[in-house]
Amino acid sequence: MSNIIQTTTQLAMYITSGYIEEGDILVDATCGNGYDTLNLAKKCPAKLYAFDIMDQAILNTRQLLMANGYQSRLDDGSIQLICDSHENIDFYINQPVKAFTFNLGYLPGGNKNIATSNSSTVIAVKKALNLLDTNGLICITMYSGHDEGKDEKETLLNISASLDSKKYHAAYINMINQKNNPPEILLITKKR
Ligand code: SAM
């Protein structure tokens, strides 16, 4: 892969890929237009869950997957698109998850008022920590260019910094020479 630090989303997916093997259980907690879901689907998971609160996002993700040959995996339920908040993740999943991707904020090209929020994101990430498999990864792309995003980032950094270092590794990546609050990445892995 060339220049993996060119975009944050590319870097986030590159890092996530290093944690995934064929047959894993994966979660896209904010499927949006479906690009992250599609990238996760390409890793041949046993089961891939994709959440979003917007009907439009679920529709966009379904269309992108179908256009890329994943109709049968949608039909057999091994890729499940769920129109619900990720704070309800534990209603749908009760098995260890190898990788979660959270790409926070609002639907690109959609309604900017419907964005992830501090309270529900924190609930979702705490539930993800409980569901995370050993050697699994939670990868969160954060956008601090708007007030809610700034709060989300600060809260998530505080939570991550206070995680038990015997159980988790937490790391924070930012693009230090970019203007206008570029996206940042928070990574949490669960130790053996
Ligand atoms: N991963 C997406 C992609 O590849 O296109 C981009 C995600 S976009 C930046 C953020 C998404 O989070 C939006 O589609 C928004 O509707 C969704 N969202 C906001 N609050 C949510 C919640 N509580 N649960 C699940 N999704 C949520």
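So between Asn135 and Asn94, what do we pick up on full extension, going 0.36 nm a residue minus the alpha carbon distance?
Using 0.36 nm per residue and subtracting the Cα-Cα distance, I get 13.0 nm.
Given the options Lys166, Lys127, Lys42, state which has the largest fluctuation in a GNM of the chain using a 10 Å cut-off (strictly under) for Cα springs.
Judging by the Gaussian network model, the answer is Lys166.
Tell me, what is the percent relative contact order of the chain, built from C-alpha pairs under 8 Å that lie six or more residues apart?
Reported as a whole number, the value is 19 percent.
Using 0.36 nm per residue, how much length does the chain from Lys42 to Asn68 gain when fully extended, once their Cα-Cα distance is taken away?
8.4 nm
Mind telling me which of Phe102, Phe51, Phe91 comes out most flexible in a GNM of the chain, alpha-carbon contacts under 10 Å?
Phe91
If you take every DSSP beta bridge fully contained in the stretch 8-190, what fraction is antiparallel? Give it as a percent rounded to 5.
On the way: 14 of 32 bridges.
Just about 45 percent of them are antiparallel.
By its C-alpha gyration tensor, with a ≥ b ≥ c as the square roots of the eigenvalues, how is the chain shaped: rounded for a/c under 1.5, else prolate for a/b larger than b/c, else oblate? Write down the numbers at each step before the final one.
Details: a/c = 1.37, a/b = 1.17, b/c = 1.17.
Rounded.
Any read-out appearing in this document is the output of simple, stated calculations on the displayed coordinates, not a laboratory observation. All values derive from a computational prediction rather than experimental measurement.
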